[in-house]
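First up is the structure itself, then whatever we jot down about it.
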Amino acid sequence: MQFFENIRNLHVTVMGLGLNGGGLASADFFARHGAQVTVTDLKNAETLAPSVNKLKHFPNIRFVLGEHRIEDFKTADVVIKNPGVKREGNIYLEEAKHIETDISVFLSLSKAPLIAVTGSKGKSSTASAIYYGLQAFGYTSFLGGNITVSPLTFVEKTERDTPVVLELSSWQLADLKSVKSFKPDIAVITPIMEDHLNWYGTMEKYVSDKKIIYKNMSEQDSLICSYGDKWGDIFAQESGAHIYRYDAVPLPDNIEGAFFVADGNGYCRIALEKSGNSAAKRPEAGKGTLHQIKLLSHKSRISGIKLRQNVLNAASVLALYGAPEDKIADIMDDFGGIAHRMEFFHEAAGIRFYNDSASTVPEAAVAALEAFSEPPVLICGGTNKNLNFTPLAENASKAKSLYLLGGSGTDILIKLLKARNIPYYGPYAGFNTLLQDMKPNLEKGDAVVLSPGAASFELFTNEFDRGNQFKERVLARFTK
């Protein structure tokens, strides 16, 4: 914290402006507090115009775009690094005196209680559901991190009683490896799947960064992780936090955690103080009477057990934080999801449309297929990230029909589909022709879901651009 006590005297280089918030928020934060800021990005000014336009009114910001210059790193007191930039072998970062990220700066300045969420898929849904619940219960709270909201946008509003929910990617966690102030009060690790292997090379290296979430946690903190799978077992054994598990089926009677029963209701078995006050927070982790709380009902607006698991885990966080347990189910049943993650956004002529563009790994597309009671019409495909598309190919027959977006990952998927004699339409270079071809084949009662199971970069700026374009084209073509 002492490093940032006199921001006005700092020379700050922000490496990576981007379009998704982190670099923009860092530049804005330091410029507002009087630092001399250099913003540098390999992308050119035209590409970065939306971000540049939001900063150009600052006289103390200098832009170096379309390139990096060694001197901007040598002369800076601190470099704020984008999480998507590797440190290893980076000639610019090697010249930096001090390296931080927007997350580490936030942690050095804020005393807010921290709820952290990581995993392969379901991070944003879980973090958003936690935030939704905190807000509904009247807590002044904040949501940021990988969800494209930098915590530097709200750091000055945080206090010791304002819980902050951070969704953290493996890259963001890697940058926090040596940050001792990173110590979540409650952490959730959603299911681990193959992801970013083009970056990491092996699952072990990928998961090692995920483990950073609990590196500094103690028995007074709470870690929620999966039950009955390799990675969840490793997390539970390694972490010094008090452990809660989760599963789609009932947990063994001696295991604390969240689970579903046959009627579709979700429960959490938890140790809470026998005080007569259902809202009493655990005074000490693991002490008190073990009992079961109903935290989600079969009436939840979220469809599919895998998606509902995220909401149940979020409800468990609320219980651990001290929310009134007898009211949690009513609150969380009404949570309807978030943009780009199984987002139900339109219905026309009895046809329902879902935007799951944040599905960037094959297993996430499989989860989308399994989220519906009747086979959906699936739109999938995109850019390869050195992932295994076999799980998607093996489950593609669960779709009523299959429409493919073009891309290097789609090329691999097509070979797998042909080997299994699974029919498909496409591949398409965008949504206009795809939806035009799809429309006459749709029937009342159909669910159409965009769940690519692949990255987006060959056809779209990012997964959010992909999802927004899908919604725009659907709304234009399918009127109520």
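Things to note:
- Considering segment 148-157, and only residues there that are surrounded by fewer than 21 Cβ atoms within 10 Å (Cβ to Cβ) and within 21 Å of THR118 (Cβ to Cβ), the residue that is nearest to the chain's Cα centre (by Cα) turns out to be THR148.
- Segment 9-22, residues that are at pLDDT below 90 and either of a type in the set (A, V, I, L, M) or part of a helix (DSSP H, G or I) (or both): ASN9, LEU19, GLY22
- Residue within segment 98-109 that is farther than 26 Å from MET217 by Cβ and either among the polar types (S, T, N, Q) or surrounded by 22 or more Cβ atoms within 10 Å (Cβ to Cβ) (or both) present: no
- VAL165 crowded, with 21+ Cβ neighbours inside 10 Å and either of a type in the set (Gly, Ala, Ser) or farther than 26 Å from GLY16 by Cα (or both): no
- Residue within segment 127-141 that is crowded, with 16+ Cβ neighbours inside 10 Å and at positive phi present: no
- Among the residues making up segment 147-170, those that are more than 21 Å from SER239 (Cβ to Cβ) and not aliphatic (A, V, I, L, M) are THR148, SER150, PRO151, THR153, PHE154, GLU156, LYS157, THR158, GLU159, ARG160, ASP161, THR162.
- Enumeration of residues in segment 366-390 that are within 22 Å of the chain's Cα centre (by Cα) and among the small types (Gly, Ala, Ser): ALA367, ALA368, ALA371, GLY381, GLY382
- The set of residues in segment 69-91 that are assigned to a loop (DSSP other than H, G, I, E, B) and buried (at least 19 other Cβ atoms within 10 Å of the Cβ) comprises ALA76, ASN82, PRO83.
- Number of the exception - ALA315 against (1) part of a loop (DSSP other than H, G, I, E, B); (2) touching a residue at least 60 places away in the same chain (Cβ under 8 Å); (3) closer than 27 Å to ASN265 by Cβ; (4) touching a helix residue (DSSP H, G or I) at 6+ places or on another chain (Cβ under 9 Å): (1)
- Any chance TYR428 is hydroxyl-bearing (Ser, Thr, Tyr), more than 30 Å from THR202 (Cα to Cα) and either more than 28 Å from the chain's Cα centre (by Cα) or not assigned by TED's automatic domain parsing to the domain that holds SER456 (or both): no
- Qualifying positions in segment 188-202 - surrounded by fewer than 16 Cβ atoms within 10 Å (Cβ to Cβ) and modelled with pLDDT of 85 or more: THR202
- Just one of (1) over 30 Å from GLY453 (Cβ atoms); (2) at pLDDT 95 or above fails for VAL117. It is (1).
- Neighbours by Cβ (under 8 Å, 6+ apart or cross-chain): first from segment 464-477, more than 16 Å from CYS380 (Cα to Cα) and at pLDDT 95 or above; second among the small types (Gly, Ala, Ser) and outside any helix (DSSP H, G or I): none
- Any strands (runs of 3 or more DSSP E) falling wholly within segment 359-476 and containing at least 1 residues that are more than 30 Å from GLU46 (Cβ to Cβ) and hydrophobic (A, V, I, L, M, F, W, C): 377-380, 401-405, 447-450
The values are calculated or read from the model by the stated rules, or taken from the named source; none is laboratory data. Computed from a prediction, not measured in an experiment: that's the story for all the values here. Please note: Cβ atoms are built from the backbone with ideal geometry, for glycine as well, and neighbour counts cover all protein chains shown.
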